[in-house]
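Notes follow once the structure below has been shown.
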Amino acid sequence: MDHFLVTGGAGFIGSALVRGLLAKGADRVVVVDSLLTGYERNLDEVRGAVDFHRADIRDYDAVRRAMEGVNVVFHEAAIPSVPRSINDPIPSHDVNINGTFNVLRAAKDAGVRRVIYAASSSAYGDTLVLPKVETMRALPKSPYAAQKLMGEYYMSVWASCFGLETISLRYFNVFGPRQDPTSQYSGVLSLFITAILNRRTPTIFGDGETSRDFTYVEDVVGLNLRAAEAPATASGKVFNAGNGGRITLNEAWALLQKFEGVSIPPIYGPTRPGDVRDSQADTTAAVRELGHSPQVSFEDGLRKTLEWYRATTKL
Ligand code: UD1
């Protein structure tokens, strides 16, 4: 079996991917993580099978060392968040663009076969048509979106100029267990879930009719595993990694109130700068070329996630 490396492997999505790879039979998975937004505890259950390198992806030598003998790299490390990239643009630029460049350079130098990249649905910006298809023109609205799009361009150029196989997966608002709810920049569902469990009022930015294609983390893991095995004809391409649905923030909060049997009206605040209004993935290309098959509906995923937070969070 291939040897794998996951950058950002102690993060929410990266650690789910590490567990997915081990469950599929990988005997050793290398993790590179700076622990800036990730936590070693996310890898507790699998610590013995993980070769953990605490390193920043901007450190070429450390990344190059970690890639020795690796065939497939999943590049998940990033500084996420649209508002964070507006309030504090330098670190996100540096990690998301220069760090990605370093990962590609080290991968090529180490003889890695394929890099699979965590791209973002934010690249689309506000398109007139839904769902969003990969052939649409990208219209990034925030530094974060522009950085993630630059990463896609670098991926395809490394494929065409340097013969490294690369696949970019545009993640659509991934949610699930282990998403960190402790920052103002945390994913909205992690904030909503901790609010409902604590019977606190959430803030909804905008009128609540903003919509997202919330995608359960295990479905994103499944797609990554398929991308690792896809034929070389998929190299250099970009694929949506979404569920195909569309849920408004008002609907998500209503569902959580229903699950908990409570009524807590939200506070509405101003729309956040850089926010995309609507987001929904066309999954056709990922289904056809990568065999993508999302398994978890929004409602089931939300219920599983709620139960995970209930079981693991001190209220
Ligand atoms: C964006 C990307 C997503 C990427 C993520 C990384 C789009 C469509 N999606 O997510 O693919 O993974 O960046 O950070 O661009 N909100 C509230 N109350 C809160 C917090 C957030 O109403 O307390 C709102 C936001 O204003 C936004 C929505 O919820 O309208 C989703 O926000 P968030 O979870 O931060 O993700 P995106 O910015 O959509």
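Laboratory data are not the source of any read-out in this text; all were calculated from the coordinates shown. From a predicted model like this one, the values you see are computed outputs, not experimental measurements. All Cβ positions, glycine included, derive from the backbone under ideal geometry; neighbour counts span all protein chains shown.
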Exercise for the section: Return the sequence-ordered ³J(HN,Hα) values of the range 5-12 in whole Hz as given by the Karplus equation 6.51 cos²θ - 1.76 cosθ + 1.60 applied to θ = phi - 60°, using x for Gly and Pro. Expected result: 10, 10, 7, x, x, 9, x, 4
Exercise for the section: Order these peptides, 198-211, 2-15, by their mean beta-carbon neighbour count within 10 angstrom, highest first. Expected result: 2-15, 198-211
Completion exercise
Computed curve, the range 61-217, Cα-only Debye sum without solvent term, log₁₀ I(q)/I(0) at 0.10, 0.17 Å⁻¹, is -0.42, -1.08
Completion exercise
For Lys258, counting only lysines whose alpha-carbon sits under 29 Å away and dropping same-chain residues fewer than eight positions off, the answer is Lys304, Lys314
Completion exercise
quick note, the chain, DSSP beta bridge pairs, % antiparallel (nearest 5) is 5
Practice task
Evaluate E = 1/(1 + (r/R0)^6) for Arg277 and Asp61, where r is the Cβ-Cβ distance and R0 equals 41 Å; express this FRET efficiency to the nearest 0.05.
Solution key: 0.45
Completion exercise
Any lysines whose Cα falls less than 23 Å from that of Lys237, other than same-chain ones fewer than 8 residues away, would be Lys108, Lys132, Lys141, Lys148
Problem - Residue-by-residue Karplus 3J(HN,Hα) for the range 15-26, coefficients 6.51, -1.76, 1.60, Hz, glycine and proline x - result: 6, 5, 5, 4, 4, x, 5, 5, 5, 7, x, 5
Fill in the blank from the handout: Within the set Pro140, Pro273, Pro83, GNM on the chain using Cα springs under 10 Å gives the largest fluctuation to Pro273
Handout entry: Length released on extending from Leu130 to Arg28, taking residue separation times 0.36 nm less the Cα-Cα span
Key = 32.7 nm
Handout entry: Descending semi-axes in Å of the range 158-306, equivalent ellipsoid built from Cα gyration tensor
Key = 33, 16, 13
Exercise for the section: State the antiparallel share, in %, of DSSP beta bridges confined to the range 171-301, rounding to the nearest 5. Expected result: 20
Handout entry: For the chain, convex hull volume per residue from C-alpha positions, Å³
Key = 118
Practice task
Would you mind calculating the relative contact order of the chain from Cα pairs under 8 angstrom and at least 6 residues apart, reporting the percent as a whole number?
Solution key: 17
Exercise for the section: Counting only C-alpha contacts under 8 Å and six or more residues apart, can you give the relative contact order of the range 170-278 as a whole percent? Expected result: 40
Completion exercise
In whole Hz, the Karplus estimates of ³J(HN,Hα) for the range 230-240 (6.51, -1.76, 1.60; θ = phi - 60°; x where Gly or Pro) are 5, x, 4, 5, 7, 5, x, 9, 10, 10, 5
Fill in the blank from the handout: Computed over the Cα atoms of the range 1-147, the Rg and Dmax in Å are 15.8, 49
Practice task
Please give the helix 143-162 orientation as an angle from the longest Cα principal axis of the chain, in degrees from 0 to 90, rounded to the nearest 10.
Solution key: 20
Fill in the blank from the handout: Residues meeting the amide H criterion for Ile167 (H placed from the backbone, H to H distance under 5 Å, 5 or more places apart or on another chain) are Val115, Ile116, Tyr117, Gly236
Handout entry: Simple label model, 7 Å out from Cα along Cβ direction - Thr182 to Leu35, nm
Key = 1.2
